[in-house]
Amino acid sequence: MSALQLVIEQLRAQRRELTIPYRIPGLWIDFQTASAQNLNPYDFYADRLQAILNDPAQPLVVGPTGGEWTRYAITYNLFPRLTTAFDHDGSGRLERGVNDSGWRETGTLLKSIAFLPFIRSMNFNTVHLLPITSIGQDGKKGTLGSPYAIRNPYKLDDNLAEPALAEVDVDLLFKAFVEASHHLGLRVVMEFVLRTAAKDADWIQEHPEWFYWIRADIPDRQPISRSSRAFGNPIWPPERLAEIHWKIQRGQRHDLPPPPDVYRKMYAAPPRPETVQMENGSWVGTLEDGACVRIPGAFADWPPDDTQPPWTDVTYLRFYDHPEFNYMAYNTLRMYDAHLAQPEHIVADLWDSIVGVIPYHQTTFGVDGVMIDMGHALPALLKRRIVETARAINPDFAFWGEDFNVSRSSREEGYNAVMGFLAFDLHQAERVQGFIDRLARHHPEITFFVTPENHNTPRAATRENALAYCHQALLYMVALPGMPSVCTGFELFEERPINTGLGFTPEMVTRYPPETLPLFSEWAFNWTRRGNMVGAVRYAMHLRRQFSELLSSPDPRTVIPGSSNNPHILVFSRCNAEHTLVFVFNMTLYDYQVGEAELFARDYTADGLWGFEGVTRLSERLSIHVELGGGHGMMFKAKNGSQLA
């Protein structure tokens, strides 16, 4: 019996009437109604899962082997704990645990399975999950903790199961999630952090040598403090910083400057496993001399003079074992010193465990790809083993990276796509125009995300003239030769950031402490709001699918720059033998713009026969008169080289 059938069977067998309401958003039910309906959850989820099975199986997106189906992916970024959170009992608050009926109000994998047809209705073909593995509690941020503070990469988060559904654990639900996704024609991409672990990670007691340890009597450095006696990232003298940057910029990795002695002396050798105990929620160990040691928090290791205080919930893994490099710094965490990064110093059993993470989820759940967070900082040999091992199981397995640079190096490391920079630049007209000009001249080295936001940035709905900008962003997702990606909540015009990671002012960070951020604490989108972007997203992704072969092509010959007599109007087309699609954008967000959108559609040569010697060139231009409101865009399909649809 399939995992989906097992879940359906348990829903039917455990069905009971509830004494309080269980409201479900209309968008989850019919994909268009805003208001919520009061339904029995056992019936709704069983019927929805059965309907998925009853529908004909849909094909998965395909492409060249080696994970290159990524080029044709149209991605919905799902955070189950957040996306499917809802005030089901109508109490006016989101329960952190279970409500009075025994059902969770934070998101779960069961609700996420029922949510999949809604995703499919918006014409996505891939689901990218933020981490769903078990979450550490030591130093956790917010009320629930960060999904990036991974306690055990081989174990899923039990809080994504439904306590009201006994005997259905989180593993069975995720198997059913992947089965349902594939049946609906959706590929599944998980996300992992393989460079850090939660400070109370399961591995620490069994393998303390996989981690860094400091003396327990050393306090953490407080914000704005520069005390060298408290723990934080190393405090470097200016001349040492200059030497570091000089060497790194020239690609040197030999004899990199170490941190100051006062910092290195904070560290201790790993304690023996039998001395490691959990005290007040934290792992502590005892050395041979009786000294007590603890796990330090990680910190931003590059640039080396970053002033952030230590991260409270995660620590770095210790990839190499060398007595002269027993500390956390840029030269042990990212720019590995050549004396350290030698085969004889590799912590082999740690590497084996890391290499095994992705194959476990491939063989246990059947996922199609992974996003590697901070993968650019992994040792190159370890990264190569990770990729090769996963592709030995499935040659078409996809690797995505969070790198912001669209570079050849990511392709050479085995990645199929990178985050790129559009999540930070798409609202900046000059940068977008410059990027499109480059796409017309140069083949991008690797597929990049086309998105106006991600879980670390300000939301698109908070940009200037937000409604027009969000529609403009959707048209860029249609037009550009990258991978369209919608961050969960975009379709609801959500304004609250998931995290304040990148692109926020200090004032904005202060406004949103971890207790108010969905990445760390309970939060629900307003699924019953009257106005939303669902129809616009659905139509945009329909257009992308309709012209997929053209719009997904990275060939510069398919990107044809246009021009306008109005400098505030951006014009370009996407062309191949079958189609010519013309895109026109008002690059100002508030001002009404009028002009001619001109495309050089056809060139001729003319030989001089009288009064002119040589050959000259004639151009037949396609010109469209456009009038656009602030931030608005247009798309045309040209027929026979001149007639417009």
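The values are calculated or read from the model by the stated rules, or taken from the named source; none is laboratory data. Source: prediction; values computed, not measured. Virtual Cβ from ideal backbone geometry, glycine too; neighbours counted across all protein chains shown. To get the accessible areas, we keep the full protein, side chains included, count just its heavy atoms, and leave off ligands, DNA and RNA. Shrake-Rupley method; radii C 1.70, N 1.55, O 1.52, S 1.80 Å.
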Next on the checklist: Restricting to the range 325-346, name every residue that is in contact (Cβ under 8 Å) with a residue 60 or more places away in the chain and acidic (Asp, Glu).
Outcome noted: Asp337
Checklist entry - Is there any pair linking a residue in the range 619-637 that is surrounded by 14 or more Cβ atoms within 10 Å (Cβ to Cβ) to one that is of a type in the set (Ser, Thr, Tyr) and outside any strand (DSSP E or B), with Cβ under 7 Å and at least six apart or on different chains, and which? => result Leu622/Ser642; Gly629/Tyr592; Gly630/Thr588; Gly630/Tyr590; Gly630/Tyr592; Gly631/Tyr469
Checklist entry - Can you name the residue in the range 160-179 that is touching a Phe, Trp or Tyr at 6+ places or on another chain (Cβ under 7 Å) and open to solvent by 10 Å² or more (accessible area, probe 1.4 Å) and is also farthest from Leu53 (Cα to Cα) among such residues? => result Ala164
Checklist outcome for this item: How many residues of the range 541-581 are in contact with a Cys (Cβ under 7 Å, 6 or more places away or on another chain) and among the charged types (D, E, K, R)? The answer is 0
Checklist outcome for this item: Those residues of the range 507-537 which are over 20 Å from Pro80 (Cβ atoms) and open to solvent by less than 10 Å² (accessible area, probe 1.4 Å) amount to Met533
Checklist entry - Of all residues in the range 188-209, how many are within 26 Å of Ala3 (Cβ to Cβ) and either modelled with pLDDT under 95 or in contact with a helix residue (DSSP H, G or I) (Cβ under 7 Å, 6 or more places away or on another chain) (or both)? => result 3
Next on the checklist: Taking the criterion of being closer than 18 Å to Thr196 by Cβ and modelled with pLDDT of 95 or more, would at least one residue in the range 254-264 satisfy it?
Outcome noted: no
Checklist entry - Would you say Ala460 is open to solvent by 10 Å² or more (accessible area, probe 1.4 Å), among the aliphatic types (A, V, I, L, M) and touching a helix residue (DSSP H, G or I) at 6+ places or on another chain (Cβ under 6 Å)? => result no
Item to check | Failed condition for Val478, given (1) in a loop (DSSP other than H, G, I, E, B); (2) farther than 30 Å from Tyr148 by Cα | outcome: (1)
Checklist outcome for this item: The helices (runs of 4 or more DSSP H) lying entirely within the range 407-461 that contain at least 2 residues which are of a type in the set (Ser, Thr, Tyr) are 408-412
Item to check | Residues of the range 237-269 classified as assigned to a loop (DSSP other than H, G, I, E, B) and either open to solvent by 20 Å² or more (accessible area, probe 1.4 Å) or among the charged types (D, E, K, R) (or both), total | outcome: 11
Checklist outcome for this item: Conditions (1) of a type outside the set (Ser, Thr, Tyr); (2) surrounded by fewer than 24 Cβ atoms within 10 Å (Cβ to Cβ); (3) out of contact with any Lys or Arg (no Cβ under 6 Å at 6 or more places or on another chain) -> Phe79 fails only (2)
Next on the checklist: Suppose we keep only residues that are at pLDDT 95 or above and either of a type in the set (S, T, N, Q) or part of a strand (DSSP E or B) (or both) within the range 1-31. Which one would you say is farthest from Phe177 (Cα to Cα)?
Outcome noted: Arg23
Next on the checklist: Ser121 - would you say it is buried (at least 24 other Cβ atoms within 10 Å of the Cβ), touching a helix residue (DSSP H, G or I) at 6+ places or on another chain (Cβ under 8 Å) and modelled with pLDDT of 95 or more?
Outcome noted: no
Checklist outcome for this item: Scanning the range 270-299 residue by residue, those surrounded by 15 or more Cβ atoms within 10 Å (Cβ to Cβ), assigned to a loop (DSSP other than H, G, I, E, B) and touching a residue at least 40 places away in the same chain (Cβ under 8 Å) turn out to be Pro270, Pro271, Val276, Ile295, Pro296, Gly297, Ala298, Phe299
Checklist entry - Being assigned to a loop (DSSP other than H, G, I, E, B), open to solvent by less than 10 Å² (accessible area, probe 1.4 Å), among the hydrophobic types (A, V, I, L, M, F, W, C) and farther than 24 Å from Gly434 by Cβ, is that true of even one residue in the range 575-586? => result no
Checklist entry - Quick check: anything in the range 57-70 in contact (Cβ under 8 Å) with a residue 12 or more places away in the chain, surrounded by 13 or more Cβ atoms within 10 Å (Cβ to Cβ), among the aromatic types (Phe, Trp, Tyr) and closer than 23 Å to Glu522 by Cα? => result no
Item to check | Test for Ile214: is it part of a loop (DSSP other than H, G, I, E, B), open to solvent by less than 20 Å² (accessible area, probe 1.4 Å) and hydrophobic (A, V, I, L, M, F, W, C) | outcome: no
Checklist entry - Among the residues of the range 159-196, which ones are within 29 Å of Arg16 (Cα to Cα), in a helix (DSSP H, G or I) and either of a type in the set (A, V, I, L, M, F, W, C) or in contact with a strand residue (DSSP E or B) (Cβ under 9 Å, 6 or more places away or on another chain) (or both)? => result Asn159, Leu160, Val170, Asp171, Leu172, Leu173, Phe174, Ala176, Phe177, Val178, Ala180, Ser181
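Quick check: anything in the range 387-398 in a loop (DSSP other than H, G, I, E, B), open to solvent by 30 Å² or more (accessible area, probe 1.4 Å), without any contact (Cβ under 8 Å) to a residue 24 or more places away in the chain and more than 16 Å from His361 (Cβ to Cβ)?
No, there is no match, as no residue in the range 387-398 is in a loop (DSSP other than H, G, I, E, B), open to solvent by 30 Å² or more (accessible area, probe 1.4 Å), without any contact (Cβ under 8 Å) to a residue 24 or more places away in the chain and more than 16 Å from His361 (Cβ to Cβ).
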Checklist outcome for this item: For Asn152, the lone unmet condition from (1) in a strand (DSSP E or B); (2) out of contact with any Ser or Thr (no Cβ under 7 Å at 6 or more places or on another chain); (3) farther than 30 Å from Arg120 by Cα is (2)
Checklist entry - of a type in the set (Asp, Glu) and touching a Lys or Arg at 6+ places or on another chain (Cβ under 8 Å), is that true of Asp100? => result no
Checklist outcome for this item: Taking the range 326-340 and keeping only residues that are touching a Pro at 6+ places or on another chain (Cβ under 8 Å) and either open to solvent by less than 10 Å² (accessible area, probe 1.4 Å) or not in a loop (DSSP other than H, G, I, E, B) (or both), one is left with Tyr327, Met328, Ala329, Tyr330, Asn331
Checklist entry - In the range 36-72, which residues are touching a Pro at 6+ places or on another chain (Cβ under 8 Å) and either of a type outside the set (Ser, Thr, Tyr) or farther than 20 Å from Asn394 by Cβ (or both)? => result Ala36, Asn38, Arg48, Ala51, Ile52, Gly66, Arg71
Next on the checklist: Within the range 300-325, take every residue that is β-branched (Val, Ile, Thr) and open to solvent by 50 Å² or more (accessible area, probe 1.4 Å) and give me the one that is nearest to the chain's Cα centre (by Cα).
Outcome noted: Thr312
